[in-house]
Amino acid sequence: MLEARNESERIPSHKARTTLFLSAMRHHAAWLEAQGYRVDYTRIDRKEAASFTTALEAAIERHSAAELCMVAAGEHGVQQEIASTCEGCSVNIEVLPDGHFLCSIDAFRSWRDSRKTLVMEHFYRHMRQQHAVLMEDGKPAGGSWNFDRDNRKPFGRQGPGMVPDWPRFEPDATTQAVMQDVSRLFPDNPGSLEDFNWLVTREQALVQLDDFIANRLPAFGPFQDAMWDSEPFLHHSGLASALNLKLLSPREVIDAAVAAYASGDAPIASVEGFVRQILGWREYARGIYQARMPEYAELNALDAEQDLPAFFWTADTDMVCLREVLAQTLRYGYAHHIQRLMITVLFCLLLGVRPQRVHAWYLAAYVDAVEWAELPNTLGMSQYADDGIMASKPYAASGKYIQRMSNYCNECRYRPDVSVGANACPISLLYWDFLLRHRKQLSQNPRMQMQLRNLERMDRSRKKN
Ligand code: FAD
Ligand code: SF4
C-alpha cells in the first residue's frame, strides 16, 4: 500500500480529503495485519512515496517481483502509470476487474453499444430491472420509475427547521497522526482540519448509513435540491466518500434504503430518489468515464477558456450563494449535489471557465472527489463540455433558480431578478450572456427552445448592455 505524495501535490488536495484517504488506508492496513496478512506499506514521508512509479520500482526491487496482480485502478492515469512502470521493470501485470460496482465495464459497454443515445434514465431503468431493485411483479415499485417531480421542493420561508445532526466521530490516534503529517507536508494546501468528521473505517460508515436511513432518508427525497445558509448537510447521506473508498458496497446501501421502504419507514419518493443517485448516476458516471477516457478529459464543446476566479480558493466574494458554498467547502470538504451543480459549477459554466480548470478545482476540493466520479459530473453534466453525452442540455439557470431553492438571496447585495445595472445579480447577468454567446450552437437542442425564445423576447438595448 502506498501513500503517494504527488496525489496531493499535482492537484492541491483539500487537507481533509488527503487526511481521509490516508487515515482510511492506515486503518485498513492495520485491519489486514490483524487478519494475518503481510502488508508492505509505504508512508507519505518516505522518499520513494513521491509517486506510484518511484514506490512501485522500489517495491519490485524489494520483493524481486516477477509479476504484479492488481484490481483495475479507478483512475485512468494511475492504471497507465502502473502499467508503464511494470513494463519498464519487465514485470508481468495481471489486472482483475473491480467487483465493487454493480455494472462492470464490459456490461456498461454492451449497454452502450445497444443504444443510439446514452440517456441516464434508460440506463437506470435497465439497472433496476437487471438487479431487481424496487421492482414489484416486473413493474416499478410505487407505480412509477421516477419520482423526480416530487423531489424538488424548497423549504419555504420558515426554513428546514430542526435537521438531525450527522453522527460525530472524534479523530482517533491514527487520524490525528495523519493530520499532523498532512499539516506538516502540505501547509499551503486549501481547507481546514478543525471540523474533520469523515468516515475512516467500515464500522463508522455503517453507523452513518444506519443513522441516515433512520433519521434523514424520509426527508431526503422532497428536499434533495433545497439549500439553506449555515446548513451544509441537511438531509443528505454523507456516504459518497465511504462508497468511493469501498468502506461500503453500493448494493448494501441500496438494500438498506429499499428495506426502509418495505417496512414503511421511508416513502417511495425518497427511497427511489436515493436509489437513483447510486444505482443510476454513480454507476453511469463511472461507465462513461471508463468507456471514454482518455479523450474525455480534453473535451471542451463550448470552447470555454476563462480562468477559474481566485475567490474559489478563499470564498472572498459578495455573492452570498457562492460565498456560502465555497466557505463550507473549504471548511468541511463538502457541498451537496445541488450546491455543486447549481451554484459553483453553474457560475463556471456561465462565466465560460475552461472545463479542465473547473475539473482540477473539483478534484481538489471535495473529500469524495475521485476522478471517475468527478470528471463526468464536472466536464459532462455541469460544463456541457462533452456536447451532451451526460446531460441533454446545459444546466444553465439564472439567479431566480437560486432564489427559489434557497434563502441565499435574502442577505445578498445583488437582486436575482435584475440582470443589468448596479444591483444586477452576476449570475442572472451571466445567464443571459451565456445564452447570447451560445445561442447558435444551442438552437438545434429541443430542450433549449424555451430559454432561447425568452432570449429572443429581450429588447435589443438590453442585449447590448
Ligand atoms: P447524497 O446526496 O446523500 O447522495 C447519495 C449518494 O449518491 C452519494 O453519496 C453518491 O455516492 C451518489 N451520487 C449522487 N449523485 C451522484 C452523481 N451525480 N454522480 C455520482 N454519484 C452520485 N460524487 C462523488 O462521489 N465524487 C465526486 O468526485 C463528485 N464530484 C462531483 C462534481 C460535480 C461538479 C457534481 C455536480 C457532482 C459531483 N458528485 C461527486 C456527485 C454528488 O454531488 C456527490 O456524490 C454528493 O454531493 C456527495 O454527498 P452525499 O454523500 O451526502 O450525497
Ligand atoms: Fe447569488 Fe444572485 Fe442570489 Fe446574490 S442575488 S445570492 S449572487 S443568486
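Any read-out appearing in this document is the output of simple, stated calculations on the displayed coordinates, not a laboratory observation. Quick caveat, the model's predicted, so the values are computed rather than measured. Cβ: placed from backbone, ideal geometry, glycine included. Neighbour counts: every protein chain shown.
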Inset, instruction - Sort out for me the Cα centre separation of the stretch 17-57 from the stretch 334-408, rounded to whole Å. - result: 32
Inset, instruction - Please list the non-local residues whose amide H lies under 5 Å from the amide H of VAL353, H modeled 1.01 Å from N, same-chain partners needing a gap of 5 or more. - result: GLN306
Legend entry - Total formal charge among the other residues, if their Cβ is under 15 angstrom from that of LEU302, Lys/Arg +1 and Asp/Glu -1: 0
Legend entry - For the stretch 307-437, alpha-carbon Rg and Dmax in angstrom: 13.9, 41
Legend entry - Cα convex hull volume per residue for the stretch 106-217 (Å³): 253
Inset, instruction - Arrange CYS89, CYS425, CYS412 by Cβ neighbour counts within 10 Å, fewest through most, would you? - result: CYS89, CYS412, CYS425
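Classify the stretch 396-465 as rounded, prolate or oblate, taking a ≥ b ≥ c as the square roots of the eigenvalues of its Cα gyration tensor: rounded when a/c is under 1.5, otherwise prolate if a/b is larger than b/c and oblate if not. Walk me through the intermediate numbers first.
Working: a/c = 2.75, a/b = 1.53, b/c = 1.79.
It is oblate, given that a/c is not under 1.5 and a/b is not larger than b/c.
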Legend entry - Hz values of 3J(HN,Hα) by residue in the stretch 58-73 - Karplus curve (6.51, -1.76, 1.60), Gly and Pro given as x: 5, 5, 4, 5, 4, 9, 6, 6, 10, 8, 10, 10, 9, 7, 3, 5
Inset, instruction - Pairs of Cα atoms under 8 Å, at least six residues apart: use those to get the relative contact order of the chain, whole percent. - result: 17
Inset, instruction - Search the structure for amide H atoms under 5 Å from the amide H of THR42, placed 1.01 Å from N in the peptide plane, and list their residues when 5 or more places away or on another chain. - result: LEU2, GLU3
Legend entry - Estimated FRET transfer efficiency (ASP265, ALA132; beta-carbon r; R0 22 Å; 0.05): 0.60
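For ARG46 and GLU252, compute 0.36 nm times the residue count separating them, minus their Cα-Cα distance, and round to one decimal in nm. The partial results should precede the final answer.
Values: separation 206, 0.36 × 206 = 74.16 nm, distance 3.67 nm.
Residue separation times 0.36 nm, minus the Cα-Cα distance, leaves 70.5 nm.
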Inset, instruction - Apply the Karplus parameterisation 6.51 cos²θ - 1.76 cosθ + 1.60, with θ equal to phi minus 60°, to every residue of the stretch 242-258 and state each ³J(HN,Hα) to the nearest whole Hz, in sequence, with x for glycine and proline. - result: 5, 5, 5, 8, 6, 6, 10, 9, x, 5, 6, 5, 4, 4, 5, 5, 5
Legend entry - Rounded tilt (10° steps) of 120-130 against the dominant C-alpha axis of the chain: 50
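For a Förster distance of 51 Å, can you work out the FRET efficiency between the beta-carbons of GLU75 and LEU436, rounded to the nearest 0.05? Walk me through the intermediate numbers first.
Values: r = 37 Å, r/R0 = 0.73.
The computed FRET efficiency comes out at 0.85.
Find how much the distance from ASP106 to ILE93 grows on full extension, using 0.36 nm per residue of separation minus their present alpha carbon separation; answer in nm with one decimal. If you can, show how the numbers build up before the last one.
Details: separation 13, 0.36 × 13 = 4.68 nm, distance 1.97 nm.
Length gained between ASP106 and ILE93: 2.7 nm.
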Legend entry - In nm, spacing of pseudo-spin labels at ARG462 and LYS153 (7 Å Cα→C-beta vector): 3.3
Inset, instruction - For n ≥ 4 DSSP H runs only, could you compute -39500 (n - 2.57) per run for the chain, divide by its residues and tell me the 222 nm figure to the nearest 500? - result: -13000 deg cm²/dmol
Legend entry - Loop-located trypsin sites (Lys or Arg not before Pro) in the stretch 154-230, at most 15 other Cβ atoms within 10 Å (DSSP): ARG157, ARG168
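Give me the net charge of LEU349's neighbourhood, meaning all other residues with Cβ under 14 Å from the Cβ of LEU349; Lys, Arg count +1, Asp, Glu -1. Mind showing how you got there, number by number?
Numbers: positive: ARG340, ARG354, ARG357, LYS393, ARG437; negative: ASP303, GLU305, ASP386, ASP387, ASP433.
Here the count lands on 0.
What does the highest-first list of 317-330, 116-129 look like by mean Cβ count within 10 Å?
Working: 317-330: 21.4, 116-129: 15.6.
Packing order, densest peptide first, comes out as 317-330, 116-129.
Find the eigenvalues of the gyration tensor of the Cα atoms of the chain, then list the square roots of 5 times those eigenvalues as equivalent ellipsoid semi-axes, largest first, in whole angstrom. Write out the running numbers ahead of the final one.
On the way: eigenvalues 265, 137, 119 Å².
Square roots of five times the eigenvalues give 36, 26, 24 Å.
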Legend entry - Spin-label pair ARG413/VAL163, simplified geometry with 7 Å Cα→Cβ offset, distance in nm: 2.7
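Go ahead and run the numbers for FRET between MET450 and ASP172, Cβ-Cβ distance against an R0 of 60 Å, rounding to 0.05.
Working: r = 53 Å, r/R0 = 0.89.
For R0 = 60 Å, the calculated efficiency reads 0.65.
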